[in-house]
Amino acid sequence: MAANIGQSIRRFEDPRFLQGQGKYVANLTLPNMAYMAVKRSPHAHARINGIDSSAAEAMDGVIAVFTGHDLEADDIGWLPCGWQVPDLRMPALRALVLHKVRHVGDRVAIVLAESPYIAEDAVEAIQVDYEPLPAAIGARKATEPGAPQVHRGVDNNTCFVWELGDKEAHEKAFAEADHIVELDLINQRLIATAMEPRAAVAQWNAFTEEMTLWTTSQNPNLIRWVMGAFTLKIPEHKLRLISPDVGGGFGSKIPHYPEEVLVPWAARKIGRPVKWVAARSESAMSDTQGRDHVTRARLALKNDGTITGIGVETWADMGAYLSIVAPLIPTAFYITVLSGLYKIPGIYGKTYGVMTNTVWVDAYRGAGRPEAAYVIERLVDMAAHKLGMDPIALREKNLIPADEFPYQTPVALSYDSGNYKGLFAKALDVANYEKLRRDQEKARAEGRLVGVGVASCIEASGPVPSAVSGALGGVTGFWEAGTIRVHASGKVTAITGAHSHGQGHDTTFVQIVADQFGVSMDDVDLVHGDTAVVTNGMGTYGSRSTSVGASALVKSSEKIREKMKKLAAHLLEADVADVVYDTEKAAVYVKGSPDKSKSFGDLAYAAYTGHSLPEGMEPGLEEITYYDPHNFTYPNSLHIAQVEIDRDTGEVSIQRYVAVDDVGNVINPLIVEGQVLGGVAQGVGQALWEHGVYDENGQLVSGTLLDYAMPRADRFPMIETARTVTPSPHNPLGVKGVGEMGTITATPTIVNAVLDALAPLGIDHLDMPLSAPKIHAAIQGRMNGGD
Amino acid sequence: MQVSLTVNGKNYRRDVEPRTLLVDFLRDHLNLTGTNIGCDTSQCGSCTIHMNGEAVKSCTVLTVQADGADLRTIEGLANGELHPMQNAFWNEHGLQCGFCTPGMIMSAVKLVENGKNLSEEDIRHGLEGNICRCTGYQNIVKAVQAAAKEMAGGD
Amino acid sequence: MYPPKFDYYRAGSVQEALTLRKQHNAKFLAGGHSLLPAMKLRLNDPGALVDIGRIDALKGISEGNGTVTIGALTTHTMVHAAGNLPDILTDAAGWIGDPMVRNRGTVGGNIAHADPASDLPTVFVALRARFHLAGPGGSRVVEADRFFTGLFETALGEDELVTAIEVPARSNQTGSAYAKLFNPASRYAIVGAGAVLTMAGNECTAASVAIGGLTSFSRRAPSVEAALVGRKLDDAALEAAAAQVANDLGDDVMGDIHASADYRRSMAPVFVRRALAQARSRA
């Protein structure tokens, strides 16, 4: 057997999805279940002068209406922010507000009813007396004097200021620069829009005094931890969280949400199971959103194109409350990756965390790293145009050479491995870059607006030693737990705290574990997403599952193999130093005497009978590992796109897209490619269409899919993918993260391509999304001689 | 109001409130939860089923409008073995989180049944009523191409 | 999202539909693809609905005397597939929403709803379609360009029902086309332009042009038409005629987060020109 790693195996989890048997939370119905609906604020900012729920309570089928005061009376705790940067001003986040609403969709009351239809009717019938207040909108504007204040105690709406870098080296770089490129940019608000809206079901067991909560989470163990300690205050060992099949997350299912408090609290209160399922428009105003940076950036260069410095100042919109890891995203996940793939001595960045009257912002696919990549790759592209250099040539000139790894950047990170020249060579070859440029010249001569865009990016994925997390403000660590349980029958259960919400863990992790022993993949089962089985874990985000989660399973497998070797040596009357675990045959044999062997099955059985064990060995065959990563892993990419702009309308069409990524060793190429393809589409979505728009009153204007433009099938050509492989040296599988690389890279690639198309008109920057009207206006402005 | 309809070859007679959406009827009354709800504005297509042989968005049909109709949901697509479209989605990795998949497959089946020699462009255009956040659509397009071949060969 | 409660009545005939509507002060429900989304978002709470979806007499397409009559309950899919309708209608019907929406949405429901961003109103105005309406006092016919009167407003009385739409049959001298700028999110029209050109050689003998999507209701573009009729339609003539649309837009060009009024205004001639060019090529 063995050597499942590296194979494109179609996914084991798929048959259930293909036949409509996915186990999503919304599919769960329990006997005697009641349904919850949430009364949400239509105002961005308002004082609540009164709530009249009498009409709602009088409706047939309404069980109860509760407000924030009921929660206070039951000592339900606030939802904490789990990332405490220095001097953080952390406003109170209650599951239901008491006196004030602070964003459209803020939670005012809940209804429990016999059906979801009745619950919604009753929500409509609740009368809330609001006194509207002016809203703080826009990260930069909200810090200006006289701006409405979102929270008392958060002066200037600034909840933290964070800086990193060698300020002196940075200032020297700019003082001595031959060229300085400056750019003000906006990285716009996005709405994650996982296709499965959030949902929760809770059941209180009065006999065992245990609460079970089914919730659409990327990290149920983490949520249990927070619920036990802070919000619901039912101790962890009496709380069971189950995140069964989860229909996509992209970061929006990391946070601990108010509904995860309200549903179980209400279930206990009314003595019935309770279910809540968000509508899409409800998700739009209550799921954490992404990005939203206002940034001033600059790049220092020498005449020959050597980059000597980069500086950023960013106002990061946090929304109305601090979500669970929100302060991490624009700080340690952002400024630390400003070196990109380049050797840059002078890097300095500063971020202001700003509260506004909008939905909370937290991790969204890439989380901080796409924002950094966008800043760097826009600056580098602008520099190439300014210096008259080819954007590839300028990048190549500044790449960190392959022989300088591990490479210590001036902003804290130590890159583990890379061969960026090799990556570039591959991508240029696959794309036939020179021909793209020749074709572009021809097209330009015909008056067509054709652009070629490139972006080369890094991700710091699979964070990070727990001690580093702690030093940076993390309330938890970033280890992952992995258990291998070999049953007496020889079957294997692998238990991971990582969680699949589409990534295909049930396949890749099984490939990995089967290879550790040489057993058939049919004999390995992966369990995740149920805290009753998964005793501890941290979940899936930050492209960490394989590099951290699977590494824990590899380590546990090593322990099992060691125990099997000891047991085999004992049974074969050989010295343990003389036996070998053979993953080809799934057996332990004596060196030089392959006929003297014990099979995996024999050893599993023997371990459980306990009839003959070596001195001091306990029966059983089960090991757990808490794997703490030694470092991030550093996947990297070069993407190349060709676009054409319709001069009449400003519409962009993508003609070619080439994605070349180095994500280290690959477990399942089919799945890895799928991650890249999906990631690219999401990154293109930000570049061209997606925008969470608030008006000046804080109304979420793009609150439904009629107004939030999702990528659709007809907007893409076939994307061409390729890989280079530079293994990570510090995890046992040599893997790097892949989940976010496509998204991180696609956004600047497409924006650079569009601006390359517009370059002959003298247009050097436009903010995303690069919508047809925006491009059209820019073209018209230039053609009419305007600026 | 009493309705009577056929779902996946089985007859059902049920009392429903007139406002009951067909998707809720399938999910909550018949426990056919394979048909998902992904939006509230008839955009995403997660709830696509076949009604009298046509693909429809069951979130935008009242159960009373479907009274007497012959419906097929994702649960009724495999006939002992997977439908060629299901198989193709599996082989081509045309799904990740799986949530849009039932609607996507039901939509794709009709696209192929109703179209001849579908080009890549036809397929992409034909799937514009189904939103997928995970895959970037590429492997879905490949799956539909593969299934189209398979389904044509089967005739 | 769930619709509010309502009483439900099912009509077997137009007459029964009118009677039920009156008795219960109800709204008509056809395919439901405009009404149900609005009800789910609780923007519409009709209290009572009369389902006309089963009135078979209102379904289907028939041809005679140089016109084609489309029953109000004919779906967009049926229109798209009919084969005997002017190209402008065939094309536009294939661009409404998506395949599932087209399988349920009906032409009658579409025009009665009169969404300014909808495609068919513009197409029917360009085709100079005639809408057959039935009411308690009998039936009447309203010309398409008199039917649409404002934002979601029409000449249709509360107690009236669209029963059929009459459009000219295809003819060899006439070419027609619809050009649309899609809203990237909803796929509705940001701008939609319809053109029907009758040609004798390369000279235009009759022209009907309509514009929609950007204004509160679809309307004819008489300035464009005047610049076409009697002219030889080379590219420059088309361009010049299309530019005239600026005179026909009125003062209610709308803007939203997807496209400002200025942008829409500047897109009107672009899409009129595209519709004209394609119509010309088909004449």
Packing-based order for A:419-425, C:249-255, A:503-509, using average beta carbon neighbours within 10 Å, highest first: A:503-509, A:419-425, C:249-255
Per-residue average of Cβ from other chains inside 10 Å of A:190-197: 6
For A:Glu210, residues with placed amide H under 5 Å, excluding near neighbours: A:Asn205
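Per residue of C:186-192, what is the mean number of Cβ atoms on other protein chains within 10 angstrom of that residue's Cβ?
Shielding by partners across C:186-192 averages 3.
Of all alpha-carbon pairs in chain A, indicate the percentage at a distance above 50 angstrom.
Working: 57530 of 309291 pairs.
Counting every Cα pair in chain A, those more than 50 Å apart make up 19 percent.
Nearest 0.05, what FRET efficiency do C:Ala155 and C:Asp235 give at R0 = 51 Å with Cβ-Cβ as r? Mind showing how you got there, number by number?
Values: r = 38 Å, r/R0 = 0.74.
Efficiency computed from Cβ-Cβ geometry: 0.85.
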Occluded residues from the range B:102-146, i.e. those whose accessible area drops by 40 Å² or more once the chain is not alone (1.4 Å probe): B:Arg124, B:His125, B:Glu128, B:Ile131, B:Arg133, B:Cys134, B:Gly136, B:Tyr137, B:Gln138
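Using protein heavy atoms only (no ligands, DNA or RNA), what is the total accessible area buried between C and A, 1.4 Å probe, nearest 100 Å²? Provide the component values of the computation, followed by the final result.
Details: alone 12670 and 28720 Å², together 39310 Å².
The buried area between C and A, both sides summed, comes to about 2100 Å².
If R0 is 25 Å, what FRET efficiency do you get for A:Val527 and A:Glu562 from their C-beta distance, rounded to 0.05?
Working: r = 23 Å, r/R0 = 0.92.
Computed FRET efficiency for A:Val527 and A:Glu562: 0.60.
Can you give the % of DSSP beta bridges in the range A:194-250 that are antiparallel, to the nearest 5?
Numbers: 6 of 10 bridges.
Of the beta bridges lying entirely in the range A:194-250, close to 60 percent run antiparallel.
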Per-pair calculated FRET efficiency, R0 = 60 Å: A:Ser593 and C:Asn247 via Cβ, rounded to 0.05: 0.05
Label-point separation, C:Asn65 to A:Glu573 (7 Å along Cα→Cβ), nm: 11.0 nm
Residues with amide H under 5 Å from that of A:Ala34, placed H, sequence gap 5 or more: A:Val274, A:Lys275
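How many percent of the accessible area of the range A:593-723 is carbon or sulfur, using a 1.4 Å probe? Don't skip to the end; give the middle numbers.
Details: 2010 of 4380 Å².
The nonpolar share, carbon plus sulfur, comes to 46 percent.
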Heavy-atom accessible surface of the range A:4-163: percent carbon and sulfur, 1.4 Å: 47 percent
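So in the protein assembly as shown, what percent of DSSP beta bridges are antiparallel if you round to the nearest 5? Show your work: numbers first, answer last.
Values: 161 of 197 bridges.
Looking only at bridges with both residues in the protein assembly as shown, the antiparallel portion is about 80 percent.
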Cα-centre dipole for the range C:116-201 with unit charges at Cβ (Lys and Arg positive, Asp and Glu negative), debye to 20: 380 debye
The range A:564-580 - phi-based ³J(HN,Hα) in whole Hz, Karplus 6.51/-1.76/1.60, Gly and Pro as x: 5, 5, 4, 5, 5, 4, 4, 6, 8, 6, 10, 7, 4, 5, 9, 9, 10
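Just the number, please: buried accessible area between A and B, total of both chains, 1.4 angstrom probe, nearest 100 square angstrom.
Values: alone 28720 and 8490 Å², together 32680 Å².
Separately minus together, A and B give about 4500 Å² buried.
Rolling a 1.4 Å sphere over the protein heavy atoms, what is the accessible area per residue of the range C:138-270, to the nearest Å²?
Working: 5260 Å² over 133 residues.
For the range C:138-270, the solvent-accessible area averages 40 Å² per residue.
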Cα centroid separation - the range A:2-28 against the range B:86-109, whole Å: 11 Å
Calculated from backbone phi, Karplus (6.51, -1.76, 1.60) coupling profile of the range A:720-730 in Hz, x at Gly/Pro: 9, 10, 8, 9, 10, 10, 10, x, 6, x, 10
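So, by mean Cβ neighbours within 10 angstrom, what's the order for A:650-656, A:105-111, B:8-14 with the highest one leading?
Values: A:650-656: 19.7, A:105-111: 25.7, B:8-14: 11.4.
Highest mean packing first, the order is A:105-111, A:650-656, B:8-14.
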Solvent-accessible heavy-atom area per residue, rounded to whole Å², over the range A:65-187 at 1.4 Å: 45 Å²
Where the range C:1-88 is the region considered: accessible area per residue in Å², 1.4 Å probe: 42 Å²
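Given a 1.4 Å probe and no ligands, DNA or RNA in the count, how much accessible surface is buried by B and C, both sides, to the nearest 100 Å²? Present the calculation step by step, with values, prior to reporting the outcome.
Working: alone 8490 and 12670 Å², together 18590 Å².
It comes to approximately 2600 Å² buried between B and C.
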Charge dipole (the protein assembly as shown, unit charges on Cβ, about Cα centre) - positive-most of A:Pro91, C:Ala38, C:Ala117: C:Ala117
Reachable lysines, given that their alpha-carbon falls under 18 Å from the alpha-carbon of A:Lys167 and they are not under 8 places away in the same chain: A:Lys343, A:Lys350
Shielded by partner chains, the range C:245-283 residues - at least 10 Å² of accessible area, 1.4 Å probe, vs chain alone: C:Ile257, C:His258, C:Tyr263, C:Ser266, C:Met267, C:Val270, C:Arg273, C:Arg274
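Using a 10 Å cut-off on Cβ to Cβ distances, tally the other chain neighbours for every residue of B:17-30 and report the average as a whole number. Working shown, then result.
Numbers: counts 8, 11, 12, 4, 6, 0, 0, 4, 0, 0, 3, 4, 0, 0.
Other-chain Cβ atoms within 10 Å of each residue's Cβ, averaged: 4.
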Whichever lysines have a C-alpha closer than 17 Å to that of C:Lys5, once near sequence neighbours (fewer than 8 apart) are set aside: C:Lys27, C:Lys40
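In what sequence, highest mean first, do A:122-135, A:338-351 appear when ranked by Cβ atoms within 10 angstrom? All intermediate terms of the calculation are to be shown ahead of the outcome.
Details: A:122-135: 18.2, A:338-351: 24.1.
Answer by packing, highest mean first, reads A:338-351, A:122-135.
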With every protein chain in place, the range A:529-583: carbon and sulfur % of accessible area (1.4 Å): 46 percent
Built amide H within the under 5 Å cut-off of A:Val85, gap 5+: none
The range A:734-763-the range C:194-253 distance, computed between alpha-carbon centres (Å): 41 Å
Karplus 3J(HN,Hα) series, Hz, for the range A:54-70 with 6.51 cos²θ - 1.76 cosθ + 1.60 (x for Gly, Pro): 4, 5, 5, 5, 7, 6, 4, x, 8, 8, 6, 10, 10, 10, x, 5, 5
Interface residues, the range A:750-787 - accessible area loss of 40 Å² or more versus chain alone, probe 1.4 Å: A:Pro773, A:His776
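Relative contact order of chain C: what whole-number percent is it, with Cα pairs under 8 angstrom and at least 6 residues apart? It would help to have the intermediate numbers written out before the result.
Details: 681 pairs, mean separation 43.8, N = 283.
Relative contact order, chain C: 15 percent.
The values are calculated or read from the model by the stated rules, or taken from the named source; none is laboratory data. Remember, predicted model here, so these are calculated numbers, not experimental data. Counting neighbours? That spans all protein chains shown, and the Cβs are built from the backbone with ideal geometry, glycine included. For the accessible areas, the whole protein counts, side chains as well, though only heavy atoms, and no ligand, DNA or RNA atoms are used. Shrake-Rupley method; radii C 1.70, N 1.55, O 1.52, S 1.80 Å.
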